[in-house]
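Notes for the one structure printed next.
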Amino acid sequence: MSTVAKTMPRPMPAVTPPREDLNPYRISQMQFDIAAEYLKLDTGLRQVLRTPKRILEVSIPVKMDNGQVKVFTGYRVQHNIARGPAKGGVRYHPSVSLDEVKALAAWMAWKTATVNIPFGGGKGGVICDPKRMSKAELERLTRRYTSEILPIIGPDCDIPAPDVYTDAQVMAWMMDTYSMTTGHTVLGVVTGKPIAMGGSPGRHEATARGVLYAIEEACKVKRINLRGASVAIQGFGNAGSIAARLLLERKAKIIALSDSRGGVHNPRGLDPLKAMRFKERTGSIVGMPGGSRISNEDLLSLKCDILIPAALENVITLENAEQVQAKIVAEAANGPSTPRADEVLARKGVFLLPDILANAGGVTVSYFEWVQNHYSYSWTESEVNAKLGEVMRRAFFDVLEISKKYHVHMRTAAYILAVGRVADATLVRGLFP
Ligand code: NAD
């Protein structure tokens, strides 16, 4: 055998690139770590800020309509309360997990700090499939869940709100259960309540309206005329369907919409009001006249000016970020893009409006609702919307300024702002005891 043959390099074993970590809690910590590095936070403070303050797991026995008892699992997590009471929604979904609730609680802490309202961050969730439960079962589940988490919620310590598959009715049951237990009416224990019972005008639309205000500013940066701009929206619930309606009012062209069963697409434009009526009638927007069918995956890579993920986490990942063709991605959902996807989008020049900025309108008007409840006073819808506009625009420019100063994309900029604010509050309060 020749020496050449002896020294021939052996074929390299195929290397599979490490899969992207899609655990939402670890993703939330990665996002935090990037900001902590820029802020040069010391190790002890990093540990305090990157872990939840309090976690409660509860068993929720519910008598189902067939007479049998079923036990559900629920959580309430308070990530940080340095700047004020914990604040955050309650999610009912079959894929709820403790790590998801921990991530959502952390994102709430950074979100309230981004828009500078005096709250910390919390979140709740119950593993259940509300689409397969009757209204009476949902009421019993809500009341027992509220009763189980009652020791840690309250208008001065932790204030729940709606999230995926919970709504104003669920908030009314939560408020009633809390009030019945304490013996007097406590309006400020939850937000997102019906208007008839301490809710705020404008709260129902607030998340979407905040997304709209952020998009308006991003369009100016990207020199896009919102009038006629093409928009694709994934998720057609509170955030997504109202964003579609508000954008149509601004003469944007909604070219694609979707819900959990799939989507519809028409490059010439869809009517979100017709979509809403069709969904009310049939339970889904899939099959609505005036558009062709499109999958949730394909919607994300459509050629459009603005893409709005408004459903669940981890939909824009390393696997599909390269295919995103939108000029602006506005995150109405919490956690729709992964840190690796962020890098790809930034390299492609996509302007990212991160969740903790873009969808902060909901918690901002929740704060207004809580203030009105404390004052026993009510603002008009136009007052609420004007105040929301001020908060959203100020936050947008605060984040944009940091993004320019540090040469980072808007998510990292928002984290630098938010983590910096929570770190300042924590340091000035000092460590107890
Ligand atoms: P919702 O329950 O009103 O609507 C959820 C929508 O997502 C529904 O149309 C559902 O069909 C759709 N959906 C579910 N699974 C899907 C999937 N796999 N693919 C595509 N669509 C799917 O919920 P919401 O309140 O609109 O919340 C949506 C997102 O916005 C969540 O990430 C939530 O955390 C976030 N968010 C909501 C608020 C708020 O005030 N409601 C505030 C801030 C952030």
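Full extension of the segment from Arg347 to Ser378, taken as 0.36 nm per residue of separation minus the current Cα-Cα distance, would add 6.6 nm. Annotation: amide H of Ala333 within the under-5 Å range of Ala310, Ala311, sequence separation 5 or more or interchain, hydrogens built in the peptide plane. With a cap of 15 neighbouring Cβ atoms within 10 Å, and only residues DSSP puts in a loop, list the chymotrypsin sites (Phe, Trp or Tyr not before Pro) found in segment 334-388. Here the sparse-neighbourhood loop sites are Tyr377.
Simple spin-label estimate for Ser134 and Lys40 gives 6.4 nm between the two label positions (7 Å along the Cα-to-Cβ direction from each Cα). At an R0 of 45 angstrom, the distance between the Cβ atoms of Lys63 and Glu249 translates into a FRET efficiency of 0.50. The chymotrypsin sites (Phe, Trp or Tyr not before Pro) of segment 164-224 include none that meets both criteria, a DSSP state outside H, G, I, E and B (loop) and at most 11 other C-beta atoms within 10 angstrom of the site's C-beta.
Taking only the C-alpha atoms of segment 52-186, the Rg (one decimal) and the largest Cα-Cα distance, Dmax (whole number), read 14.3, 48 Å.
Note on Phe397 and Asp424: with the Förster distance fixed at 25 Å, the Cβ-Cβ geometry gives a FRET efficiency of about 0.80.
How large is the accessible surface per residue of the chain, computed with a 1.4 Å probe and reported in Å² as a whole number?
About 45 Å² of surface per residue is accessible.
If you look at the Cα atoms of segment 130-197, you get an Rg and a Dmax of 11.3, 34 Å. Go ahead and run the numbers for FRET between Ile195 and Arg54, Cβ-Cβ distance against an R0 of 30 Å, rounding to 0.05. About 0.40, to the nearest 0.05. Here's how it looks for Phe72: its modeled amide H is under 5 Å from those of Ile60, Val62, which are all 5 or more places away or on a different chain.
Using Cα pairs closer than 8 Å and at least 6 residues apart in sequence, work out the relative contact order for the chain, in percent. Computed value for the chain: 16 percent relative contact order.
Restrict the search to segment 292-350; then list the GluC sites (Glu not before Pro) that DSSP places in a loop and that have at most 16 other Cβ atoms within 10 Å of their Cβ. Can you show the working numbers first?
Numbers: sites: Glu297, Glu313, Glu319, Glu322, Glu331, Glu343; in loops: Glu313, Glu319, Glu331.
The qualifying sites are Glu319.
Extension gain for Asp167-Thr282 works out to 39.4 nm (0.36 nm per residue, less the C-alpha to C-alpha distance). Note on the chain: with charges restricted to the Cβ of Lys and Arg (+1) and Asp and Glu (-1), its dipole about the Cα centre is near 660 debye.
Could you please put Asp355, Asp99, Asp65 in sequence from largest to smallest accessible area, using a 1.4 Å probe?
Highest to lowest solvent-accessible surface, that is Asp65, Asp99, Asp355.
Which longest run of the chain has no exposed loop site in it, a site being trypsin sites (Lys or Arg not before Pro) in a DSSP loop with at most 15 other beta carbons within 10 Å, and the site itself not part of the run? Display every interim value, and only then the final one.
Values: sites that count: Arg19, Lys40, Arg223, Arg227, Arg250, Lys251, Arg261, Arg268, Lys303, Lys348.
Longest gap between qualifying sites, sites excluded: 41-222.
Helical runs assigned H by DSSP (4 residues or longer) give the chain a calculated mean residue ellipticity at 222 nm of -14500 deg cm²/dmol, each run adding -39500 (n - 2.57) before division by the residue total. Computed from backbone phi, the HN-Hα couplings of segment 30-45 come to 4, 4, 5, 4, 4, 5, 4, 5, 4, 7, 6, 5, 6, 4, x, 5 Hz, rounded to whole numbers (Karplus: 6.51 cos²θ - 1.76 cosθ + 1.60, θ = phi - 60°; Gly and Pro given as x).
Taking all protein chains as shown and a probe of 1.4 angstrom, Thr185 keeps an accessible surface of around 100 Å². In plain terms, the bigger the Kirkwood radius, the slower the diffusion; for segment 88-135, with that radius from Cα pairs, at 37 °C and 0.692 mPa s, Stokes-Einstein puts D at 285 µm²/s.
Each principal axis of the Cα cloud of segment 206-358 was evaluated for its coordinate range; sorted largest first, these ranges are 41, 30, 27 Å.
Computing the accessible area with a 1.4 Å probe over protein heavy atoms, can you report the carbon and sulfur percentage for segment 118-236?
Looking at segment 118-236 in its full context, I get 52 percent from C and S.
Beyond 31 Å in Cα-Cα separation lie the following of the pairs Lys327/Lys405; Lys40/Lys102; Lys193/Lys222; Lys123/Lys220; Lys111/Lys220; Lys123/Lys303: Lys193/Lys222; Lys123/Lys220; Lys123/Lys303. Ellipsoid fit via the Cα gyration tensor, the chain: semi-axes of 34, 28, 24 Å, each the root of five times an eigenvalue, largest first. Each of Gln29, Gly269, Val408 was placed along the dipole of the chain (beta-carbon charges, centred on the mean Cα), and the one lying farthest toward the positive end is Gly269.
With each label modelled as a point 7 angstrom along the Cα→C-beta vector, the Lys274-Arg223 pair spans 3.5 nm.
Can you check what the Kirkwood hydrodynamic radius comes to for segment 308-433, Cα pairs only, in Å to one decimal? By the Kirkwood definition, the hydrodynamic radius is 16.3 Å. Can you list the residues, at least 5 places off or on another chain, whose amide H is less than 5 Å from the amide H of Ser230, using H built in the peptide plane? Hits under the 5 Å cutoff: Lys253, Asp305, Ile306. Here the Karplus relation 6.51 cos²θ - 1.76 cosθ + 1.60, evaluated at θ = phi - 60°, turns the backbone of segment 210-216 into coupling constants of x, 4, 4, 4, 5, 5, 4 Hz, with x for every Gly and Pro.
The values are calculated or read from the model by the stated rules, or taken from the named source; none is laboratory data. Please read all numbers here as calculations on a predicted model, not as lab measurements. We place every Cβ from the backbone using ideal geometry, glycine too, and count neighbours over all the protein chains shown. Ligands, DNA and RNA are excluded from the accessible area calculation, which covers all protein heavy atoms including side chains. Shrake-Rupley method; radii C 1.70, N 1.55, O 1.52, S 1.80 Å.
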